[in-house]
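Step one of this worksheet: look at the structure below.
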Amino acid sequence: MDYHLAGLISASFVTLSMSGIALQLRQVLQRKRRYRQGVLAQGEVTASMSLNRFFASYYGFYAMLLYGMSLGQFNHYLVWPRVIAVALLTWILFEIRQDRRSTAAKRCFILITLLNVAALALPFTPLRVDVHDLWLSHLILLSALTVFIQGASHQVWLIRKTRTTGALSFPMHALFAVKDVASLSFAISMGLNEGWPVLVFHLGSLIFQCIIMYHFYWIRSR
């Protein structure tokens with residue numbers, strides 16, 4: 001498939017997957033209104049939403065954004081759709097922090113704030129290409145896959161432990177899976193030299209999105 005065509009398709013599906021994150025955010029905000037009305041208690045707004053898993057999602061989008069920034073030729077198809085994802089997930093993690101007020105949630109939000117500032121500064125420094133040449137962007141992306149697998153596994157464990165999907169959004173995970181399929185095609189069109197980290201990350205992500213979606217069925221069938 002032509003590189004630009006595959007890039008446009010991938011960027012379109014990544015952008016479409018943002019609607020899944022937006023639906024998750026809307027669900028959290030609806031539950032937040034119910035909390036303010038006294039229907040839900042403190043900590044129930046983001047019930048069954050794994051802080052670990054949502055940070056892993058954030059870090060995955062962030063690492064892909066950083067990888068696209070650091071390539072010799074700035075990869076617009078990788079970067080701009082993920083800017084939206086990072087912004088939405090930052091908002092969700094902020095809501096988790098506000099709802100739970102735990103030390104872990106506070107530290108997580110401080111960390112992502114620092115990461116966001118670093119990403120904003122990177123394009124304006126001479127270090128942009130060095131990050132790629134020194135394989136730092138590769139290592140960050142592969143570490144993001146490790147964090148994502150760990151986070152997704154924790155989300156599955158939490159679902160099985162609580163026997164509920166709580167505030168989790170099934171459409172978000174379904175759209176993420178479609179995004180991963182499109183991104184796999186784009187990774188192939190990039191060539192293995194530059195595309196293999198993208199290929200490995202989205203293959204791992206697709207597998208775990210499917211595992212989490214299965215657990216929505218698992219809950220209903222019990």
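Just so it is clear, none of the values below were taken in a lab; they were calculated from the coordinates. Bear in mind the structure is a predicted one, so any value in this text is a computation, not a measurement. Quick reminder, even Gly has a Cβ in these numbers, built from the backbone with ideal geometry, and neighbours come from all protein chains shown.
Structural remarks
- Debye, to nearest 20: dipole size of segment 1-121, +1 on Lys, Arg Cβ, -1 on Asp, Glu Cβ: 680 debye
- Here the sum of -39500 (n - 2.57) over DSSP H runs of 4 or more residues, divided by the residues of the chain, equals -29000 deg cm²/dmol at 222 nm, to the nearest 500.
- Each peptide among 170-178, 146-154, 28-36, 58-66 gets the average number of other Cβ atoms lying within 10 Å of its residues, and from highest to lowest they stand as 58-66, 170-178, 146-154, 28-36.
- For segment 4-62, fraction of C-alpha pairs farther apart than 14 Å, in %: 67 percent
- Contour excess over end-to-end distance, with Cα ends at Leu29 and Leu142 and 0.36 nm allotted per residue: 37.4 nm
- Spin-label pair Trp218/Ala41, simplified geometry with 7 Å Cα→Cβ offset, distance in nm: 2.7 nm
- Between the beta carbons of Glu194 and Ala118, assuming R0 = 25 Å, the FRET efficiency works out to 0.65 to the nearest 0.05.
- Directionally averaged shadow of the chain, computed from the convex hull of its alpha-carbon atoms, nm²: 12.0 nm²
- Other residues within the sphere of radius under 15 Å centred on the Cβ of Trp135, judged by their own Cβ, net out at -2 (K and R +1, D and E -1).
- Scaled radius of gyration (Cα, divided by 2.2 N^0.38 Å) that segment 80-159 gives: 1.27
- The order of Trp135, Trp91, going from fewest to most other C-beta atoms within 10 Å of their C-beta, is Trp135, Trp91.
- Of interest is the spacing of the C-alpha centroids, which for segment 13-55 and segment 86-110 amounts to 11 Å.
- Applying D = kT/(6 pi eta Rh) to segment 22-150, where Rh is the Kirkwood radius over alpha-carbon pairs, T corresponds to 37 °C and eta to 0.692 mPa s, the Stokes-Einstein value obtained is 210 µm²/s.
- Counting neighbouring Cβ atoms within 10 Å and putting the fewest first, the residues Arg160, Arg220 line up as Arg220, Arg160.
- When its C-alpha radius of gyration is set against 2.2 N^0.38 Å (N residues), segment 118-212 gives a value of 1.29.
- Per-residue Karplus couplings for segment 107-118, computed as 6.51 cos²θ - 1.76 cosθ + 1.60 with θ equal to phi - 60°, are listed in order as 5, 4, 5, 4, 4, 5, 5, 5, 5, 5, 4, 4 Hz, Gly and Pro entered as x.
- Under Karplus coefficients 6.51, -1.76 and 1.60, residue-wise ³J(HN,Hα) of segment 167-172 in Hz, glycine/proline x: 8, 5, 9, 5, x, 4
- Length available on full extension from Cys210 to Val129: 0.36 nm per residue minus the Cα-Cα distance, which gives 25.7 nm.
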